[in-house]
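What follows is one structure encoded as structure tokens, with my remarks underneath.
The values are calculated or read from the model by the stated rules, or taken from the named source; none is laboratory data. Not measured: the values here are computed from a predicted model. Counting neighbours? That spans all protein chains shown, and the Cβs are built from the backbone with ideal geometry, glycine included. Surface accessibility is based on the protein's heavy atoms, side chains included, excluding ligands, DNA and RNA. Shrake-Rupley method; radii C 1.70, N 1.55, O 1.52, S 1.80 Å.
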Amino acid sequence: MTETSARATECCRTNVDRNEVEEVTVELVPWAPVESCTYDRVLFAPKPYTPADVNMERLVRGLAATVPEGHCYVAGTEPTGIDAYAELLEALCEEVIQVETDADCTVYRATRPPDFTPGNQIEEREFRSSVGDYTCRFVTIPGLFSWEELDTGTEALLRHTSVPDGAQMLDLACGYGPVGAFVGARTDCEVYATDDSVLMTTFARRNYERNGVTPAAVETDDCLDAFPDRTFGAILLNPPTHAGKGVTWKMFQSACAALADDGELWLVYNEIMNYERVLRSEFGLNTKVVASVETFDVTVARS
Ligand SMILES: C[S@@+](CC[C@H](N)C(=O)[O-])C[C@H]1O[C@@H](n2cnc3c(N)ncnc32)[C@H](O)[C@@H]1O
């Protein structure tokens, strides 16, 4: 089994154990499977909120990972675009059959041709962004957070945050890496980064390198689980509000615990979230809103 989210991978491992399933490997990988001609069967149920070209790329890689004459299955509902995935398989394979239709869900089975070379289904995007006197270059793909341009909230965070030289700075929930790239380019600090998605951290690594930033560590994990014993002079965060209160609360709690004595947590959020009050009343931090840009507030919090 493969996943791109560290949290989902952990759930997957727990469920494997709970159901006493043996001989299962659960891998956290950006694009899976990675080896050609490895599996007799490949099963893929595309996530509905993942961009279609990312799902197409996964499907084609899945087909490539199937042994010649082996079977690659794709399942989904009409709104998830199952017809387009079936059409893609039909363009690549001689034999594609509809094996099941149950309620809204349809399952297609494709037989992998003996000689099959996967082509790219997804195009990378390159763009530049400027914040103050600094310009950074980024490479992204659809589906990454704010993949077409620097997010307005992230830009506000970068404009109003100051990180001292020599600080150990954590780019928390780093996405494709804009925060670490800009702060690392303009400050002589040690950059650490983490994100739940291995696709995000894969691109963050590439973008730090493109911008001449050599991070001390880039990890894929839930919240700050990758850095249990480390403290930071500065933690910068544009939180994944959509991930729900369970994730943001865990992120705030672990960020508070990881702040050095004189450390600062800088975050940007949609003003309706009012995280300045949350960090003050629920987490006991001293907080100050340092800027309001459009609908975003930038807050600094200290213990
Ligand atoms: C609003 S985006 C910010 C990305 C990047 N810092 C930026 O400013 O462009 C939030 C990020 O949180 C990540 N994320 C979601 N859940 C997470 C979790 N449990 N632990 C760590 N990161 C998480 C997402 O993958 C996403 O990259």
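Taking a straight Cα-Cα cut-off under 29 Å and skipping sequence neighbours fewer than 8 places away in the same chain, the lysines within cross-link reach of residue 47 are 245, 250.
Report, for segment 125-302, the % of DSSP beta bridges that are antiparallel, rounded to 5.
Details: 20 of 38 bridges.
So the antiparallel bridges in segment 125-302 amount to around 55 percent.
Helix-only arithmetic for the chain: the sum of -39500 (n - 2.57) across DSSP H runs with n ≥ 4, divided by the residue total, places the mean residue ellipticity at 222 nm at -9000 deg cm²/dmol. The calculated FRET efficiency for residue 206 paired with residue 274, based on their beta-carbon distance and R0 = 22 Å, is about 0.05. Shown here for segment 138-247: trypsin sites (Lys or Arg not before Pro) in loop regions (DSSP other than H, G, I, E, B) with at most 16 other Cβ atoms within 10 Å, namely 230.
Taking amide hydrogens as placed 1.01 Å from N in the peptide plane, the amide H of residue 42 sits under 5 Å from those of 71, 72, 73, each at least 5 positions away in sequence or on another chain. Residues of segment 279-303 with an amide N closer than 12 Å to a point placed 7 Å from the Cα of residue 159 along the Cα-to-Cβ direction: 291-298.
Here the 3J(HN,Hα) profile of segment 285-301, calculated from phi with Karplus coefficients 6.51, -1.76 and 1.60 at θ = phi - 60°, is 8, 7, 10, 8, 7, 9, 7, 10, 10, 6, 9, 9, 10, 10, 10, 10, 10 Hz, Gly and Pro shown as x.
Of the listed peptides 215-228, 187-200, 33-46, 8-21, what is their order by residue-averaged count of other C-beta atoms within 10 Å, with the highest listed first? Let's see the in-between values first.
Numbers: 215-228: 18.5, 187-200: 22.8, 33-46: 14.8, 8-21: 13.1.
Going by the mean number of other Cβ atoms within 10 Å, highest first, we get 187-200, 215-228, 33-46, 8-21.
Spin-label model, residue 139 to residue 125: label points 7 Å out along the Cα-to-beta-carbon direction sit 1.6 nm apart. Solvent exposure of the chain amounts to 50 Å² per residue of accessible area, where only protein heavy atoms count and the probe is 1.4 Å.
Given Cα pairs under 8 Å that are at least 6 residues apart, what percent is the relative contact order of segment 145-303?
On the way: 325 pairs, mean separation 33.7, N = 159.
Over segment 145-303, the number comes to 21 percent.
If both residues of a DSSP beta bridge must be in segment 31-111, then about 70% of such bridges are antiparallel. The radius of gyration of the Cα set in the chain, together with its Dmax, comes out at 21.6, 64 angstrom. Near residue 167, the amide H atoms lying under 5 Å from its own belong to 190; only residues 5 or more places off or on other chains count, and H is placed 1.01 Å from N. A simple rule links phi to the HN-Hα coupling: the Karplus curve 6.51 cos²θ - 1.76 cosθ + 1.60 with θ = phi - 60°, which for segment 156-167 gives 4, 4, 5, 5, 10, 9, 10, 10, x, 4, x, 6 Hz, with x for Gly and Pro. Rounded to 0.05, the FRET efficiency of the residue 8 and residue 281 pair, given R0 = 30 Å and the Cβ-Cβ distance, is 0.45. At a Cα cut-off below 18 Å, give the aspartates and glutamates reachable from residue 288, other chains included and same-chain residues fewer than 8 away excluded. Straight-distance partners of residue 288: 261, 262, 264, 271, 276, 297.
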